[in-house]
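Okay, structure first, notes after.
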Protein chains: 2
Amino acid sequence: MDSRELGYFVAVAEELNFGRAATRLGIAQPPLSRAIKQLERRLGVALFTRTSRSVTLTVAGEVLLQEGKRALTALTAARRRAQRAGNPGLVLTMKPNIDGDLLEKILAQFANDPAAVEVEVLIGGIGEQAVLLREGEADAALLRLPHADVDGLAYEELLTEQDVAVLPRTHRLADRASITLSDLDDEQLPYWPGSRPNGGPLVRDSAQLLQLISLGRTVALLPASVRYHLRDDLTTVPVSDADTSTLVIAWPQDARSRSLAALVEAAVAVSSIRPARTS
Amino acid sequence: MDSRELGYFVAVAEELNFGRAATRLGIAQPPLSRAIKQLERRLGVALFTRTSRSVTLTVAGEVLLQEGKRALTALTAARRRAQRAGNPGLVLTMKPNIDGDLLEKILAQFANDPAAVEVEVLIGGIGEQAVLLREGEADAALLRLPHADVDGLAYEELLTEQDVAVLPRTHRLADRASITLSDLDDEQLPYWPGSRPNGGPLVRDSAQLLQLISLGRTVALLPASVRYHLRDDLTTVPVSDADTSTLVIAWPQDARSRSLAALVEAAVAVSSIRPARTS
DNA sequence: GGGTATTGATACTCTGCGGGTATGGATTCG
DNA sequence: CGAATCCATACCCGCAGAGTATCAATACCC
């Protein structure tokens with residue numbers, strides 16, 4: 001089975017529309033129809049049930065969509081990892097402001113290791129980190145569980161913390177010592193691309209979010225460590241019944257690099273300093 | 001990156017010889033040389049260092065070999081799983097005579113489950129079981145640890161047992177209550193394809209092995225459960241310091257099928273009967 | 001050291017496949 | 001009932017990939 005055909009299939013399966021899929025692939029619709037038909041003939045199974053007005057996946061199609069996407073990411077990962085093989089450095093990816101102030105310490109600790117190499121920090125968008133790992137763009141990622149999808153990844157926990165409310169200093173709740181989720185009932189909580197709209201504003205990155213909070217348009221529940229790098233006009237208030245999340249360092253399950261192991265080791269070592277220091 | 005190109009690369013990387021690789025691929029050598037060169041140009045890295053007499057892998061090439069093989073198996077797995085998606089049955093693969101007499105019980109127990117479906121038992125060659133799972137040919141496998149490679153697989157342990165010596169009834173050690181490995185020092189132990197020759201005969205399957213034992217040409221160390229289905233002219237003797245191995249039921253890490261879960265459950269349930277019954 | 005074998009690269013040709021345009025047939029909707 | 005939407009079919013074309021013939025470089029052997 002050709003990977004190009006599989007890419008075509010994935011596009012159609014996700015769009016459920018040959019025309020849109022063809023546009024997305026940058027080709028015309030007729031060759032796409034033919035390619036899919038040829039794929040079905042080669043596999044010996046129907047992948048779509050087509051009426052002249054709609055396209056739906058068959059059971060075989062659903063399986064191929066899931067497995068095929070996995071195979072395609074494995075393919076791009078193979079390519080990227082081979083391309084990066086010459087460079088001995090590591091790429092660490094993370095969202096901005098979620099490192100719990102650990103990043104600097106991790107890198108400092110790592111620099112002491114004999115296996116240390118240059119570390120490039122790649123700041124990615126929301127939810128992109130795990131994808132970057134799986135596609136071979138990055139060697140390690142700082143993620144937050146349970147928000148991130150760690151399928152196919154290995155990880156070590158670094159830091160667990162509770163969400164706090166991030167508010168303008170002028171907010172009616174800003175001076176409270178502690179609040180509960182119900183205190184935020186009449187606030188317009190934001191939502192991220194991918195989650196479902198809930199009446200609040202759509203935010204694409206944390207800078208935008210903080211801006212909206214400053215303007216009083218929304219408030220947010222974020223991990224407690226945001227307070228380390230907060231703009232002057234914002235403040236945080238503990239929320240007694242808020243969710244907790246865990247900062248982890250993750251890497252591809254099958255990675256075997258010496259320097260990556262050292263980086264993980266450094267991250268774990270640094271993180272365990274925190275509880276020790278507070279005791 | 002095209003999967004065809006990647007297959008070409010893997011062939012050359014494994015043969016380290018363009019001519020042989022071309023033969024194996026069923027094409028001529030010149031197009032293969034060109035395809036590899038084109039792949040190198042597309043990736044922007046050298047994959048081989050060529051002298052006019054020999055070919056070796058570069059670092060990037062080694063990475064691409066490892067990752068590329070993984071991607072290609074993911075690809076064939078996607079195809080096979082999609083093709084088999086229509087059939088609700090399960091395929092269970094195993095080597096003959098390693099089931100510790102559990103197979104029948106597992107299938108009987110599974111039949112009681114509401115999620116039960118037809119189970120096809122696929123008897124594969126030595127070391128093929130894990131490959132069949134990864135390539136999507138089979139849904140579950142009975143394997144022995146630590147002999148099998150379970151990378152990318154999940155498994156449940158079923159039965160741990162010690163190896164025993166399998167001997168002709170007429171063998172000088174056949175009537176001993178127990179022996180040690182050193183008692184076998186002057187025997188010609190067999191070896192399997194893939195392991196290194198040790199002076200004994202090469203065996204390809206267990207029927208051949210048992211035949212050779214009958215002829216007095218070799219003796220073997222096998223899991224204790226072989227005794228359930230042993231020819232009349234052979235017998236087993238415990239070996240006090242022999243290795244132990246564990247029978248496990250394994251499946252692809254990312255499988256999510258309801259019936260497969262039930263099969264695993266049935267296998268575990270049946271296996272735990274054994275210790276209970278002996279107590 | 002020269003002849004030979006081996007191995008990868010190059011030159012050239014050609015076929016087939018993947019892609020484009022034009023159009024048809026079916027279904028939904030106003 | 002006409003218009004719009006959407007997938008399939010017919011037909012054509014260009015190029016990528018495969019083949020043959022040959023060259024160039026190295027190792028090997030007497």
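The values are calculated or read from the model by the stated rules, or taken from the named source; none is laboratory data. Model, not experiment: these values are computed from the prediction. Cβ atoms come from the backbone with ideal geometry, glycine included; neighbour counts cover every protein chain shown.
Here A:Leu47 does not fit the description of being near DNA strand D (Cβ under 10 Å from one of its atoms) and under 33 Å from the mean Cα position of the chain (by Cα).
Residues in the stretch A:76-93 that are closer than 13 Å to B:Arg70 by Cα and more than 10 Å from chain B (Cβ to nearest Cβ): there are none. Once the stretch A:143-186 is narrowed to residues that are in contact with a Leu (Cβ under 8 Å, 6 or more places away or on another chain) and assigned to a loop (DSSP other than H, G, I, E, B), the residue that is modelled with the highest pLDDT is A:Val150. Being out of contact with any Asp or Glu (no Cβ under 7 Å at 6 or more places or on another chain), away from DNA strand D (no atom under 16 Å from the Cβ) and assigned to a loop (DSSP other than H, G, I, E, B) is the requirement here; does A:Ala116 meet it? For A:Ala116, the condition - out of contact with any Asp or Glu (no Cβ under 7 Å at 6 or more places or on another chain), away from DNA strand D (no atom under 16 Å from the Cβ) and assigned to a loop (DSSP other than H, G, I, E, B) - is met. State whether one or more residues within the stretch A:184-191 are of a type in the set (Phe, Trp, Tyr) and under 30 Å from B:Gln253 (Cβ atoms). No; the residues of the stretch A:184-191 include none that is of a type in the set (Phe, Trp, Tyr) and under 30 Å from B:Gln253 (Cβ atoms). Just to be sure before I move on: is A:Val121 out of contact with any Lys or Arg (no Cβ under 9 Å at 6 or more places or on another chain) and part of a strand (DSSP E or B) in the structure I sent? Taking the combined requirement at face value, the residue satisfies it.
Scanning the stretch B:50-61 for residues being more than 14 Å from every other protein chain (Cβ to nearest Cβ), under 33 Å from the mean Cα position of the chain (by Cα) and surrounded by 12 or more Cβ atoms within 10 Å (Cβ to Cβ) gives a total of 2. Residues in the stretch B:11-27 that are exposed (fewer than 15 other Cβ atoms within 10 Å of the Cβ), more than 25 Å from the chain's Cα centre (by Cα) and either part of a helix (DSSP H, G or I) or more than 8 Å from DNA strand C (Cβ to nearest atom) (or both): 4 in all.
Looking across the stretch A:62-75, just one residue is free of Cβ contacts under 8 Å to residues at least 24 places away in the same chain, over 19 Å from A:Asp139 (Cα atoms), within 23 Å of the chain's Cα centre (by Cα) and facing chain B (nearest Cβ under 8 Å), and that is A:Glu67.
The residues of the stretch A:111-122 that are more than 24 Å from the chain's Cα centre (by Cα) and over 12 Å from A:Arg258 (Cα atoms), listed by number, are A:Ala111, A:Asn112. Comparison of B:Ala111, B:Ala140, B:Ala116 shows that the only residue that is within 16 Å of B:Pro252 (Cα to Cα) and either at pLDDT 90 or above or not assigned by TED's automatic domain parsing to the domain that holds B:Arg256 (or both) is B:Ala140.
Return the residue satisfying two criteria in turn: it lies in the stretch B:28-45 and is more than 10 Å from DNA strand C (Cβ to nearest atom) and in contact with a helix residue (DSSP H, G or I) (Cβ under 7 Å, 6 or more places away or on another chain), and of such residues it is farthest from the other protein chains (Cβ to nearest Cβ). Per the stated criteria, the residue is B:Leu39.
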